[in-house]
Each structure stands twice: as structure tokens, then as C-alpha cells.
Amino acid sequence: MADPLVHQWTIGDLSVVRVADEDFALPSDRPAPEWCVGDLAPDRAQVGLAFSALAVRSADTDMVIDPWLANDWPRQGDDAADRAEQLLDRLAAVGFAPEAVDIVVNTHLDGVGWNTRPDGHGDWRLSFPNARYVYPAAEVAAIEAGENIEGAEAFARLAELTTIDAVDPPLPVAPGIELVDAPGHNFGHVAVRLESGPDLAIYPGHLVLTPFDIAEPDTPPEGADADQAVATRRAILAELAERDGVLLTTLLGGSGGGRVAVDGAGYRVTPVAR
């Protein structure tokens, strides 16, 4: 029986897996788009949300992207160690053993997520002990300059445990995988572009938080450079629609992504079969 918290895609020669921690629905103050129902939303009165990590295999490189980034509160719970172990076991079960992960890409700092986990002695250890940890250089510079960024304290502990690779986009990080500039959400925010042969998928980081960001891409986000975020989001969706590409997310419920198509003044997503 398929694990409902695991979803997989094939992008040319690239294998992509999304492993969720939580997948749930919340009441919506406006009707969810009709195309969401059945995958990204249980019905039009609710929207699906999830806390996930993406894992990508390219040639001989295993990569994890934004590992359960926006779900920091369980890290403080009494069961944090067990919860982290379960998540990493689920990731290993689909072929990504934590010790074998080569690169961990963080599109931005928005809480440190499960980049680290409890060590059983009141401290923290790396969740992916042999990986190169990548962050946007502009974000690292903002943290060092004292900007008030959610997760900066936990990031400092991460930086004590491993060398942070502060990078500038555009940057190829593995065959078919490139970090690209995706401004509007946070300092140096990047997207992850997966391209193999004619196939394209893009993970836009936190520029897509709900289905409404797809259906109504000109809706400005709160607490960010709204105009820039809208422009970046629309450019990503437009390219995916033009190329029949796949949108990948970590925060939408259900499968969390699918093929993008134009739908009126916005876009819609159609789930891709496993």
C-alpha cells in the first residue's frame, strides 16, 4: 500500500520524492479553486497544507531540499527525537538514507527545520551528517548583519556543526539541477530548477504557499517584497505552463504539485500520476 505522505515524480533522468511530516486541511475564508478538490484540497471549503522535504536523485548525487523547513515547533517537543527519526526513516525507505545525502539545499531561512535533530543529550546533531549544506549568500550575510530572521538562532547552531556553503545563483549543483534567483520572499531567496531533456520542474521555495498563489498569482504576499514576489511567482508559473512543466512545493497538501496550465487570468495544477 502506498504511503499517503510520500509522492514521487520523474523529470527526465531525475527522480523526485516528496516526504511529508504532516498533511492536513484548514477551513478557508474563500472557496478553494475547483481544480484543487480531490488532491490539493478535500473540498472547496478547505485548503490542504503540508510540511515536507523534497529529495532529488541526479546521476550520482542525492539531494534534499528544504527539509521540513516551516515546521519548527515539533523540534521543541518531548517527542522531537522520535519524530525526527521517523521522518528520516521514511526518507530512507524511499532510497535517501540520511548518511548518503550529498547536498542539502535551503532556498532560504524560515526556521531551521529538520536540518538538525536532537542528539539525546540536550543538544543537536546534523540530520544529514555527510552532506554539503547550501544557503543563499545574501541570507547568510543578512544573518551576520543582525537582521531579525526567523530561525537565526538555530541556524547559528547548525553553522557550529558544519560548514555552511553560502552560494550565489545561478548555480548548477548537480547534473540537471540549478539554483536560480527567485526574489521576493526573503533575503537571497532561490528556486530550484530541475531540467532533464525536454522535462522541466521548478520548486519555487516559499513563493507558492497556497493554491490561491497559483489561481490568483497577482495576489501580493504579506511581509515580503510584494511586487517582486508576484513578478517572480508569475514568471515561474508562466514558464511551467508554456513547457507543460511540473510545479513542486513543500507546503501544499496532497501531492503538493503537478503540471501547470493557464486557467483564465491565473493557472491551475493537474496532479501527475505516480
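Some observations on this one:
- Test: GLY146 is in contact with a helix residue (DSSP H, G or I) (Cβ under 7 Å, 6 or more places away or on another chain), of a type outside the set (Lys, Arg) and not in a helix (DSSP H, G or I): no
- Yes/no for ALA59 being in contact with a strand residue (DSSP E or B) (Cβ under 9 Å, 6 or more places away or on another chain) and either within 30 Å of GLY122 (Cα to Cα) or among the basic types (Lys, Arg) (or both): no
- Only residues that are over 14 Å from ASP66 (Cα atoms) and within 17 Å of the chain's Cα centre (by Cα) were counted in region 113-159, giving 2.
- Meets criteria (touching a helix residue (DSSP H, G or I) at 6+ places or on another chain (Cβ under 8 Å) and more than 16 Å from LEU69 (Cβ to Cβ)) for PRO172: no
- The residues of region 73-103 that are touching a residue at least 40 places away in the same chain (Cβ under 8 Å), charged (D, E, K, R) and under 15 Å from THR61 (Cα atoms) amount to a single one, ASP102.
- Failed condition for ASP165, given (1) surrounded by fewer than 19 Cβ atoms within 10 Å (Cβ to Cβ); (2) out of contact with any Gly (no Cβ under 9 Å at 6 or more places or on another chain); (3) part of a loop (DSSP other than H, G, I, E, B): (3)
- Scanning region 197-226 for residues that are in contact (Cβ under 8 Å) with a residue 24 or more places away in the chain, within 15 Å of ASN186 (Cβ to Cβ) and acidic (Asp, Glu) yields a total of 1.
- Counted residues, region 93-112 - those being assigned to a helix (DSSP H, G or I) and within 15 Å of LEU126 (Cβ to Cβ): 3
- In region 258-274, the residues that are touching a residue at least 40 places away in the same chain (Cβ under 8 Å) and farther than 20 Å from GLY197 by Cα: ASP263, ALA265, GLY266, TYR267, ARG268, VAL269, THR270, PRO271
- Boolean, ASP110 is within 20 Å of the chain's Cα centre (by Cα) and surrounded by 16 or more Cβ atoms within 10 Å (Cβ to Cβ): yes
- Residues that are free of Cβ contacts under 8 Å to residues at least 40 places away in the same chain and hydrophobic (A, V, I, L, M, F, W, C) were ranked within region 234-257; the one that is nearest to PRO183 (Cα to Cα) is ALA235.
- Flag if ALA215 is within 24 Å of ASP29 (Cα to Cα) and surrounded by fewer than 23 Cβ atoms within 10 Å (Cβ to Cβ): yes
- Taking the criterion of being surrounded by fewer than 24 Cβ atoms within 10 Å (Cβ to Cβ) and among the charged types (D, E, K, R), the residues of region 42-69 that qualify are ASP43, ARG44, ARG57, ASP60, ASP62.
- Restricting region 109-135 to residues that are more than 18 Å from THR61 (Cα to Cα) and of a type in the set (A, V, I, L, M), the residue that is modelled with the highest pLDDT: LEU126
- When the residues of region 68-91 are filtered to those that are among the acidic types (Asp, Glu) and not in a helix (DSSP H, G or I), the one that is nearest to GLU22 (Cα to Cα) is ASP72.
- The number of residues in region 171-209 being more than 13 Å from the chain's Cα centre (by Cα) and hydroxyl-bearing (Ser, Thr, Tyr) comes to 1.
- Within region 113-131, being surrounded by fewer than 17 Cβ atoms within 10 Å (Cβ to Cβ) and assigned to a strand (DSSP E or B) holds for one residue alone: ARG125.
- If you go through region 193-235 and pick out every residue that is closer than 21 Å to PHE51 by Cβ, of a type in the set (Asp, Glu) and part of a loop (DSSP other than H, G, I, E, B), you end up with 1.
The values are calculated or read from the model by the stated rules, or taken from the named source; none is laboratory data. Predicted model, so just to flag it, every value in this text is computed and none were measured. Glycine gets a Cβ as well: all are built from the backbone with ideal geometry, and neighbour counts include every protein chain shown.
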